[in-house]
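Comments concern the structure below.
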Amino acid sequence: MKNINKFIENVLFQGAAISRGFFHCCAICALTFSAGAQETDNYYWRGGTWGQSAELLRIDLAGNWAADSSGETVHEISPSETSNLIFDYANIADRQHARINVYYRTVAVNSVASYVPTEMHMQSGYSLTVLSDWTSSVSSDTRYSASYRTDDNGDKKSVRFAADTANFLTVGGDMTLSTDKYFTSRIRLGSQQGSSAYTLTIGGALSFVKNGVDAVGYHVFDMIAFDSTTGTAFAPVPGFKPVTAMTVIAGVAFGAEAGFMTGSMSALISNIYFGQGPWTPFQMAAWGFIGLLAGLLFSRRRNPPMMLLLIYGAFAGVAFSLIMDIWTTFSAEGGFSSARYLFYVGTALPVTAVYAVSNVVFLAILSKPLLRKLERIKIKYGVFE
């Protein structure tokens, strides 16, 4: 009997110790969780839209965000992982939609809630990460049209992404697109020297919600490939573009100065339409150099040998890629590093090969007929003599 009582006492003692340990662990876990949980802050977009300065479009500038719905108090700290981004009509005033650029660094935020047509550009290797949910609740009275472009019809696209970053958007939670009438989602891929594959990652559910009793209305999901230098005609093959070939032909026909101006102005003018950025001077320099050198090498020959032109076209494709990889290094690393530059040159080899081949193809097709016509223009009007 004595042994039984001792056994019972030991069991009760051990049970009490285990219980105390269990509750201690629970308390520690609760304290750890509460310490790790961070409060979130609301960030109301008060920045710009199409046609406004680049500074007003930057997602990473604190001055583009208000701390309250009235817009009177401006944030002093840039959005971070504890920020809830909110886009509403109260803070974009009389503008029809919000335009946001993710150009200068990768940004991570807690959530996104949009009540106005919202457009985001992720370029130069930078991306946006939303740790929890993305919600867009926008209703448009306008039916979808494939002709909608960016600047003049921005308010007709409920949500729009323009990306040349491979993994341009990650949503950790759900992505919900809601409307009472018409909702158009457009994704434009490959706007600059981008990847050949793009990923939008959603950790939870992607939901398209149609609210209300109105029978009229629908969701439209529109995805296009896009090339900033030649339009959409050659977009299915990244890097396959006639701009370099046309620059070479201009240099051959009219001389080094005309070749330089054709190349550099092609980049500048096309980017007025398709989007200017820090990459524009590099494009201007690359194509300008190619046109200048073509003029120096060939302009004194009325009929330059086709084989030499084709060799120069292949060289021009490599030269363009090498110059643009300088910009890639600066944009991705925040400075120039020889080792990283060589890395980017290596990773761009497939695109570089396409550049070179496209130049050879376009020069083989276009150089003879265009040079003949341009020579007649020179003689008839006495230009570039």
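When Gly154, Gly48 are checked against the criterion of being under 18 Å from the mean Cα position of the chain (by Cα), modelled with pLDDT under 80 and within 19 Å of Leu177 (Cβ to Cβ), a single residue qualifies: Gly154. Checked against (1) out of contact with any Phe, Trp or Tyr (no Cβ under 9 Å at 6 or more places or on another chain); (2) touching a residue at least 60 places away in the same chain (Cβ under 8 Å), Thr347 meets all criteria but (2).
Of all residues in region 288-331, exactly one satisfies the criterion of being among the small types (Gly, Ala, Ser), free of Cβ contacts under 8 Å to residues at least 40 places away in the same chain and farther than 16 Å from Met246 by Cα, namely Ser321. Scanning region 335-363 for residues that are part of a helix (DSSP H, G or I), touching a helix residue (DSSP H, G or I) at 6+ places or on another chain (Cβ under 6 Å) and among the hydrophobic types (A, V, I, L, M, F, W, C) yields a count of 5. Residues to consider are Gly194, Gly173, Gly204; find the one that is on the phi < 0 side of the Ramachandran plot, at pLDDT 80 or above, surrounded by 16 or more Cβ atoms within 10 Å (Cβ to Cβ) and part of a loop (DSSP other than H, G, I, E, B). Only one candidate passes the filter, namely Gly173.
Quick check on region 256-280: of everything there that is small (Gly, Ala, Ser) and part of a helix (DSSP H, G or I), which residue is modelled with the lowest pLDDT? Taking the candidates together, the pick is Ser270. Tallying residues that are touching a residue at least 60 places away in the same chain (Cβ under 8 Å) and over 11 Å from the mean Cα position of the chain (by Cα) within region 120-133 yields 1. Name the single residue that is surrounded by the most Cβ atoms within 10 Å (Cβ to Cβ) among those in region 302-334 being assigned to a helix (DSSP H, G or I) and charged (D, E, K, R). My answer is Asp325. Kindly establish whether Gly212 is in the same structural domain as Val360 (by TED's automatic domain parsing), over 20 Å from Thr352 (Cα atoms) and either modelled with pLDDT under 80 or assigned to a helix (DSSP H, G or I) (or both). Judged against the criteria, Gly212 is not a match.
Tell me, please, whether a residue that is loosely packed, with under 13 Cβ neighbours inside 10 Å, at pLDDT 70 or above, assigned by TED's automatic domain parsing to the domain that holds Val109 and under 19 Å from Met122 (Cβ atoms) can be found in region 59-75. No, there is no match, as no residue in region 59-75 is loosely packed, with under 13 Cβ neighbours inside 10 Å, at pLDDT 70 or above, assigned by TED's automatic domain parsing to the domain that holds Val109 and under 19 Å from Met122 (Cβ atoms). Being among the aromatic types (Phe, Trp, Tyr) and under 21 Å from the mean Cα position of the chain (by Cα) is a property that Trp287 lacks.
Scan region 335-343 and give yes if some residue there is surrounded by 20 or more Cβ atoms within 10 Å (Cβ to Cβ), in the same structural domain as Ala356 (by TED's automatic domain parsing) and touching a Phe, Trp or Tyr at 6+ places or on another chain (Cβ under 9 Å), otherwise no. For region 335-343, residues surrounded by 20 or more Cβ atoms within 10 Å (Cβ to Cβ), in the same structural domain as Ala356 (by TED's automatic domain parsing) and touching a Phe, Trp or Tyr at 6+ places or on another chain (Cβ under 9 Å): absent. Among the criteria (1) surrounded by fewer than 22 Cβ atoms within 10 Å (Cβ to Cβ); (2) within 20 Å of His219 (Cβ to Cβ); (3) at pLDDT 90 or above, the one Ser111 does not fulfil is (2). When Ala353, Ala348 are screened for being touching an Asp or Glu at 6+ places or on another chain (Cβ under 7 Å), surrounded by 14 or more Cβ atoms within 10 Å (Cβ to Cβ) and either in the same structural domain as Trp287 (by TED's automatic domain parsing) or polar (S, T, N, Q) (or both), only Ala348 passes.
The values are calculated or read from the model by the stated rules, or taken from the named source; none is laboratory data. Bear in mind that the values here come from a model prediction, so they are computed numbers and not experimental data. A quick note on method: Cβ atoms are made from the backbone with ideal geometry, for glycine too, and the neighbour counts reach across all protein chains shown.
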